[in-house]
1. What are the ³J(HN,Hα) couplings of the stretch 108-114, residue after residue, when phi is run through the Karplus curve with 6.51, -1.76, 1.60 and θ = phi - 60°? Round to Hz, x for glycine and proline.
2. Pop a pseudo-label 7 angstrom from the Cα along the beta-carbon direction at both V94 and L175 and give the gap in nm to one decimal.
3. At a 10 angstrom cut-off on C-beta neighbours, averaged per residue, how do the peptides 108-114, 69-75 rank from highest to lowest?
4. What is the ratio of the Cα radius of gyration of the stretch 45-172 to 2.2 N^0.38 Å, where N is its residue count, to two decimals?
5. Collect residues whose amide H, placed 1.01 Å from N in the peptide plane, falls under 5 Å from the amide H of I59; neighbours closer than 5 in sequence don't count.
6. Just tell me which lysines come within less than 17 Å, Cα to Cα, of K120; anything on the same chain fewer than 8 places away is out.
7. Calculate, for D132 and D63, the FRET efficiency according to 1/(1 + (r/R0)^6) with r their C-beta to C-beta distance and R0 35 Å; round to the nearest 0.05.
8. Which whole-Hz ³J(HN,Hα) couplings does the stretch 126-137 yield from phi under the Karplus relation 6.51 cos²θ - 1.76 cosθ + 1.60, θ = phi - 60°, glycine and proline marked x?
Amino acid sequence: MNSPTQIRMDRRSALRGIVTVSGVAVALPLMGSLAGCSSTNADLSGKAELIDAVTNLTIPETDTPGARAAGVPAYIKAVFVDHFTEEQQDDFAVGLAAFDEMAVATGAADFAAASEDIQKLILTELDNGANDMSGKATWQQLRDMTIFGFYTSEQATEELSFEEIPGRYDGCLPLEEVGRAWLDRGV
């Protein structure tokens, strides 16, 4: 006959085995679905100059570093490769092709080769265009990723001023007196 201690050990071993099998049964499908999020045909190499031009127009270099200096084009490429699904990558590539088509319509070889004035005109047209306009969704994604990528970089600290405990509130103060936009939380 088994002693009470031996029975408890058998129960613990059984419970440990059940929990292990249950954990594996739950984890394996999750790991498989996570692997499905990455794409093997991700390629932005032909559009690197276009993305560089768009990010530079969105946040240009002034007396502070711009998006290019902050490494935003590399950030966008990393998001594209590591986080976009194949379908999102395809949609993004089609949208970037629309930038080039609009530039070709103005007589330029492509968007990156177009003059800065033409590039600004195309981006303004995309910004003001209808929601179903080809390239508009990609322009909005690029703009949002550029802003997020820049303002979460170290270069944003040179553009924004930060004061841990700000002084008095003055809601009607000219920006010239302040000097720069102020960040109310740390980056």
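1. 7, 5, 6, 4, 5, 7, 5
2. Inter-label distance under the simple model: 3.8 nm.
3. On the way: 108-114: 18.3, 69-75: 20.4.
Answer by packing, highest mean first, reads 69-75, 108-114.
4. Details: Rg = 16.5 Å, N = 128, 2.2 N^0.38 = 13.9 Å.
Normalised by 2.2 N^0.38 Å, the Cα Rg of the stretch 45-172 equals 1.19.
5. Amide H to amide H, under 5 Å and 5 or more residues apart or across chains, I59 pairs with A67.
6. The reachable lysines, counting only those whose Cα sits under 17 Å from K120, are K136.
7. Details: r = 39 Å, r/R0 = 1.12.
About 0.35, to the nearest 0.05.
8. Couplings: 5, 5, 8, x, 5, 4, 8, 5, 4, x, 5, 4 Hz.
Readers should treat all values here as calculations from the given coordinates under stated rules, not as data from a laboratory. Computed from a prediction, not measured in an experiment: that's the story for all the values here. All Cβ positions, even for glycine, are placed from backbone atoms using ideal geometry, and neighbour counts span all protein chains on display.
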